[in-house]
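See below for the structure under consideration.
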Amino acid sequence: MVVKAMKLFLSYPSAQRALAERLMLALEAEGHEVFLDRADLKAGQAFHQTLREAILGADAMVFLVTPESVQPGSYALAELNIAQQRWRRPSGHVLPVMAVSTPIAALPSYLSAVTVLQPRGEAVAEIVAAVAHLSPPPAKRLALIAAVAAVVLVVAVAAGALAWRHGEQRAAEQARLDAETQALAQAVSARELCDGGGHAVALAQLNELVARQPALQPPSPKLLDMREDCAMRWLRDMRAVVGKQTFAEQVVQAQPVLVQGLPRAGGVRAADLRAHIGWGEYLRGRDGIGGVNPVVHWKRALVDDAGNVYANAMWARQLLDRPGQLEEAKALFAKAVANGVNDGRGRAFVRALQFGGTLGGGADTTVNLAYAVVVADEMRRRAEPIRTDHRDRLWSRALGAPMFDAETRAALTKALPPADLLATFGWLFPTDGVSEERRPIWRFVQATLLAEHASAGPRAAARKGFESLLLELRAAGSSGRLLDEAQRGLDRLGAPGKTR
């Protein structure tokens, strides 16, 4: 069945915000345009013009039924009244969904005229399937709706122009500017807290600053940008703590901010937001919680910005979880690194994903380790700093004791020319920075890498390295794997003066 893209208005009570946002992501993934957010209006206050226009311009409405949403005086019912003006008959236009068990008798007669969807399994999936059976209105009807909306807009503009002449309006505008300046100053402090690792507290502060803005005076774009930046930073830094905090528990706090930011974003900014929304879905998947396939969001992000650092790197990181996907992941990482170098954004994050996906075990272990060493070599050439924990993992997973293994040695020496591999080893673990505990294995690895050279000089140095190491180990009465492998390394060199 071919799903026709529609403009959808999603009506929900505040208690169902999380479900509504998950549903919005799923519907957008199907190509629909979804209006979700509305101003937080006080009781008795008229609906914001944008809200009315969204309903009048929609092709259909999804109405989440709960005892609160059908309670007299609720905003959800007020939205439904506007929908009733829009569509005299609800069939094919209004989809009521039983989100929380509610007596059918409590539903308004307008909703009772159509079948109420009562999900039995995954609610989001069933709602998306039901929406696919709704039909967009004919073109003439759309034109009429647009005309009505245009008339409403013209009237609103005229009314606004008249009100502006009053002096009290000028005073109100000045007060708004003063409040905005104060909010931005507080937001800068919150952003610094977020950059320092206090993501949850900082985002809560920024959410509070945004919520303080009057309903008819939208928050400053700068304030919204800082809030979105903090949510994205949290997602990039996010860690799960077993028994204390899951990815999903954190994602549910950060991801909605990015969803709210999409309608006003475009280009690179929209791509960044979509990439991080996808990353949130990926992290939720690591908790075993299904949702929208994150690749859907990364693909859409790359439509807005083909070289987007985050979309390319995040997609590549997901591919590393699967066997046989390394080459595709490398191509995406290459795009991310190139763009990260050019615009200065996210390069350290890209490196963290590269090492995190290759040094953590999992699929294609040996070839992934070889790729991690190639990444380190690239960083050496670019004079990029490398984190201490990444050095340590390269030692423990690839360039330390793992070099005892013939398969690992073969993979690394195949990935890089001998001179480059030796140079990268020396850059990662310089002579004067090696601990006494690591030094015996370090001497073995250095001799092993020198032995890979075809010329006599390095091979002579390798022989000397193996011989001195063996002499010291035997003098100390040592035995075990290191002694055995050092002897094998010396044996592979053959008699003195022998060349390959």
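Just so it is clear, none of the values below were taken in a lab; they were calculated from the coordinates. What you see is a predicted model, and the numbers here were worked out from it, not measured in a lab. Here Cβ is always computed from backbone atoms with ideal geometry, including for glycine, and neighbour counts include all displayed protein chains.
Inverting the mean 1/r over all pairs of different Cα atoms, compute the Kirkwood radius of region 382-462 and quote it in Å. Before the final figure, lay out each step's value.
Working: mean 1/r = 0.0763 Å⁻¹.
Taking the inverse mean of 1/r over all distinct Cα pairs, region 382-462 comes out at 13.1 Å.
For region 54-93, report the translational diffusion coefficient in µm²/s to the nearest whole number, using Stokes-Einstein at 10 °C, 1.306 mPa s, and a Kirkwood Rh over Cα pairs. Working shown, then result.
Values: Rh = 10.6 Å.
Translational diffusion coefficient: 150 µm²/s.
Please identify which residues in region 372-386 have an amide N closer than 18 Å to a label point set 7 Å out from the Cα of Asp420, following the Cα→Cβ vector.
372-384
So which of Lys330/Lys464; Lys244/Lys414; Lys222/Lys299 end up more than 32 Å apart, counting from Cα to Cα?
Numbers: Lys330/Lys464 38 Å; Lys244/Lys414 43 Å; Lys222/Lys299 27 Å.
Going by Cα-Cα distance, Lys330/Lys464; Lys244/Lys414 fall outside the 32 Å limit.
Once phi is turned into ³J(HN,Hα) by the Karplus curve 6.51 cos²θ - 1.76 cosθ + 1.60 with θ = phi - 60°, what whole-Hz value does each residue of region 26-32 show in order, with x for glycine and proline?
5, 5, 5, 5, 8, x, 7
Can you tell me how much longer the chain between Ser112 and Ser455 gets when fully stretched, taken as 0.36 nm per residue apart minus their C-alpha distance, in nm with one decimal? Kindly include the intermediate steps, with their values, before the conclusion.
Values: separation 343, 0.36 × 343 = 123.48 nm, distance 8.66 nm.
Length gained, Ser112 through Ser455: 114.8 nm.
Which value in Å does the Kirkwood hydrodynamic radius of region 91-133 take, with 1/r averaged over all unlike C-alpha pairs and then inverted? Numbers along the way, then the final one.
Working: mean 1/r = 0.0904 Å⁻¹.
Over region 91-133, the inverse of the mean reciprocal pair distance is 11.1 Å.
Of all alpha-carbon pairs in region 281-420, indicate the percentage at a distance above 26 angstrom. Working shown, then result.
Details: 2381 of 9730 pairs.
Percent of Cα pairs beyond 26 Å in region 281-420: 24.
So if R0 is 22 Å, what FRET efficiency would Ser91 and Ala18 give, r being the distance between their Cβ atoms, rounded to the nearest 0.05?
Values: r = 29 Å, r/R0 = 1.33.
That gives a FRET efficiency of 0.15.
Can you give the convex hull volume per residue for the Cα atoms of region 354-500, as a whole number of Å³?
Working: hull volume 16.5 nm³, N = 147.
Hull volume over Cα atoms, normalised by residue count, gives 113 Å³.
May I ask you to order 318-326, 480-488 by the average number of other C-beta atoms within 10 Å around their residues, highest value first? Can you show the working numbers first?
Working: 318-326: 16.9, 480-488: 15.3.
Ranked from most to least packed, the peptides come out as 318-326, 480-488.
When only alpha-carbon atoms count, how far does region 183-233 stretch along each of its three principal axes, as whole angstroms with the largest first?
33, 17, 15
For region 370-420, count the residues as N, evaluate 2.2 N^0.38 Å, and divide the Cα radius of gyration by that value, please.
On the way: Rg = 10.9 Å, N = 51, 2.2 N^0.38 = 9.8 Å.
Compared with the compact-globule rule of thumb, region 370-420 sits at 1.12.
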